[in-house]
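The values are calculated or read from the model by the stated rules, or taken from the named source; none is laboratory data. The structure displayed is predicted, hence computed values, not measured ones. Here the Cβ positions follow ideal geometry from the backbone for every residue, glycine too, while neighbour counts run over all protein chains shown.
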Amino acid sequence: MSELSELRMIVVCPHFDPDTAPTGRVMSRIVAELVALGHHVDVVTSLPWYRGHDVEPEWRARWARRQRTAWGSIVRVNPFAGPDKRNLVRRALGFAGFSVLAGVGGLAAGGPLRKVDAVIAMSPPLTLGLAGRLIAWSHRAPLVFNIQDVFPDAAVETGAITDRRVIAAASGLERLSYRLSDAVTVLSADLADNVRAKLPALLAGRVHLIPNFVDTQHIRPADRHTAYRRQLGLGDGPVVLYAGNVGFSQSLELMLVAAGELPDVTFLINGEGSMRADLERQAAGLTNVRFGRHVTDDRLVELLATGDIHVVPLRRGLAAVSVPSKTYSILAAGRPIIAAIDAGTEVPRILAASGAGTVVEPDDPVAFTAAIRDLVGDERRGSAMGAAGRRWVEQAASPRAVALAYDQLIRSL
């Protein structure tokens with residue numbers, strides 16, 4: 001128990017343990033650390049659905065479930081997810097439906113007569129901002145709006161949204177959500193600048209930088225000869241790994257170009273997403289390109305160790321609105337990184353500070369391939385980068401420090 005007085009919070013988020021989404025892992029750990037500080041937390045989230053983009057079979061019996069915990073409660077509601085990830089209208093309606101149910105769950109959270117000190121709502125989806133505001137009003141509590149990716153900017157940059165009316169409506173909702181929040185937390189200075197530019201000057205002080213983190217006790221360097229490498233039949237040669245969402249934002253075509261130029265290197269794309277089927281078709285005939293499925297938490301360390309070099313590709317213009325959280329996990333695993341990402345943004349700053357990798361221009365297959373060729377040919381340099389990244393992340397990305405930052409922010413409100 002902390003010496004700090006207890007705070008009572010309601011957390012509204014799209015994923016939570018045992019769901020496997022990266023943002024779910026982030027919020028689950030933040031809640032665990034807030035509980036370790038002695039706080040009461042009621043979580044409102046979705047039924048687990050991320051792995052197959054559909055509610056997992058063992059959770060389908062009811063649209064909503066409530067679980068009492070030693071530190072509060074967890075209310076899980078139907079996310080209205082569907083297997084067609086490219087149907088943006090269907091996804092938008094699903095997010096809206098989930099947000100309505102989450103809002104109802106949040107109104108009942110905390111108990112009718114108990115004081116709530118703050119509501120923390122996570123975006124995306126952006127609609128949770130309004131749900132969080134209604135919950136906060138009902139409990140007479142301040143709203144902290146946690147931004148993982150700036151929407152709709154990322155969707156516009158990738159061309160996922162092109163209809164001007166949809167863009168205008170989403171941008172209006174985005175700005176309204178920021179104005180209705182008592183505090184907006186972002187992961188990097190780039191995201192902070194982006195959000196402040198959408199607020200009146202008098203409200204710019206509501207934006208606070210609280211970065212994500214990684215559990216360096218759980219994720220540690222491990223031997224490259226993993227069971228997962230054997231399971232996929234990758235052999236003993238060098239493996240270049242992308243692990244994460246396989247979507248519009250990640251320029252994973254770079255991996256295919258590099259594979260064509262470097263036949264003695266295995267390129268592993270590990271994850272699920274809307275672009276996976278297209279990439280599999282494009283990779284037909286490239287025998288050194290392999291695809292792996294999403295792995296459970298208990299095999300995450302093994303997956304990260306399987307890659308000798310990790311890549312963090314993000315399409316041009318997206319680094320100012322999104323910070324790939326996988327970067328911290330790769331550093332914790334002691335592996336070098338090649339990032340194809342906008343210069344001067346958060347990931348390049350991390351790699352410059354840590355000495356853990358190389359940055360090339362986004363969407364540049366020649367530079368990307370050359371960086372891989374150079375690092376594959378210099379194992380000593382790669383090992384030194386991995387060790388440097390591990391040292392840096394142990395000092396700079398503590399889960400407890402992030403929880404304390406939220407504690408202090410809520411007390412200031």
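Among Ala305, Ala403, Ala388, which is of a type in the set (Gly, Ala, Ser), closer than 29 Å to Tyr228 by Cβ, in contact with an Asp or Glu (Cβ under 8 Å, 6 or more places away or on another chain) and outside any loop (DSSP other than H, G, I, E, B)? Break it down stepwise before answering.
Numbers: Ala403 fails: closer than 29 Å to Tyr228 by Cβ; Ala388 fails: in contact with an Asp or Glu (Cβ under 8 Å, 6 or more places away or on another chain).
Criteria check complete, one pass: Ala305.
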With the condition kept exactly as written, say whether any residue in the stretch 391-410 is in contact with a helix residue (DSSP H, G or I) (Cβ under 7 Å, 6 or more places away or on another chain) and farther than 30 Å from Ile10 by Cβ. yes
Could you please let me know if Pro365 is within 21 Å of Phe248 (Cα to Cα) and not β-branched (Val, Ile, Thr)? yes
Restricting attention to the stretch 308-348, which residues are part of a helix (DSSP H, G or I), in contact (Cβ under 8 Å) with a residue 60 or more places away in the chain and either among the hydroxyl-bearing types (Ser, Thr, Tyr) or surrounded by fewer than 24 Cβ atoms within 10 Å (Cβ to Cβ) (or both)? Lys326, Tyr328, Ser329, Glu346
When restricted to Thr296, Thr266, the only residue modelled with pLDDT of 95 or more and on the phi < 0 side of the Ramachandran plot is Thr266
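Looking only at residues in the stretch 391-400 that are buried (at least 16 other Cβ atoms within 10 Å of the Cβ) and either touching a His at 6+ places or on another chain (Cβ under 7 Å) or part of a helix (DSSP H, G or I) (or both), which one is modelled with the lowest pLDDT? Quick ask: steps written out before the conclusion?
Going through the stretch 391-400, the residues buried (at least 16 other Cβ atoms within 10 Å of the Cβ) turn out to be 392-393, 396-399.
Next, only the ones that are either touching a His at 6+ places or on another chain (Cβ under 7 Å) or part of a helix (DSSP H, G or I) (or both) stay: 392-393, 396, 399.
Working: Trp392: 93, Val393: 91, Ala396: 80, Pro399: 86.
Once the filter is applied, the top-ranked residue is Ala396.
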So Asp298, is it part of a loop (DSSP other than H, G, I, E, B) and among the acidic types (Asp, Glu): no
Specify the residue that is nearest to Gly105 (Cα to Cα); the eligible residues are those in the stretch 50-71 that are touching a helix residue (DSSP H, G or I) at 6+ places or on another chain (Cβ under 8 Å) and either in a loop (DSSP other than H, G, I, E, B) or outside the structural domain of Leu101 (by TED's automatic domain parsing) (or both). Trp63
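Say we look at the stretch 253-282 and pick out the residues that are in a loop (DSSP other than H, G, I, E, B) and out of contact with any Gly (no Cβ under 9 Å at 6 or more places or on another chain); which of these is surrounded by the most Cβ atoms within 10 Å (Cβ to Cβ)?
Step one: filter the stretch 253-282 for residues in a loop (DSSP other than H, G, I, E, B), giving 262-265, 271-275.
The next check asks that each one be out of contact with any Gly (no Cβ under 9 Å at 6 or more places or on another chain); those that pass are 262-263.
Numbers: Leu262: 17, Pro263: 10.
Among those residues, the one meeting the criterion is Leu262.
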Which listed residue, of Arg281, Arg293, is assigned by TED's automatic domain parsing to the domain that holds Ala367 and within 22 Å of Pro22 (Cα to Cα): Arg293
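Please go through the stretch 351-404 and pick out each residue that is hydroxyl-bearing (Ser, Thr, Tyr) and over 15 Å from His310 (Cβ atoms).
Looking only at the stretch 351-404, we keep the residues that are hydroxyl-bearing (Ser, Thr, Tyr), and these are 354, 358, 369, 383, 398.
Residues satisfying the conditions are Thr369, Ser398.
Yes/no matrix, rows are residues, columns are (1) surrounded by fewer than 14 Cβ atoms within 10 Å (Cβ to Cβ); (2) aliphatic (A, V, I, L, M); (3) at pLDDT 95 or above:
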residue: Leu199; (1), (2), (3): no, yes, yes
residue: Arg206; (1), (2), (3): no, no, yes
residue: Asp215; (1), (2), (3): no, no, no
residue: Ala222; (1), (2), (3): no, yes, yes
residue: His225; (1), (2), (3): yes, no, yes
residue: Tyr228; (1), (2), (3): no, no, yes
Within the stretch 146-169, identify whether any single residue is at pLDDT below 95, surrounded by fewer than 16 Cβ atoms within 10 Å (Cβ to Cβ), hydroxyl-bearing (Ser, Thr, Tyr) and more than 19 Å from the chain's Cα centre (by Cα), and answer yes or no. yes
Residue that is surrounded by 21 or more Cβ atoms within 10 Å (Cβ to Cβ) and either assigned to a loop (DSSP other than H, G, I, E, B) or among the small types (Gly, Ala, Ser) (or both), where the choices are Pro14, Pro18: Pro14
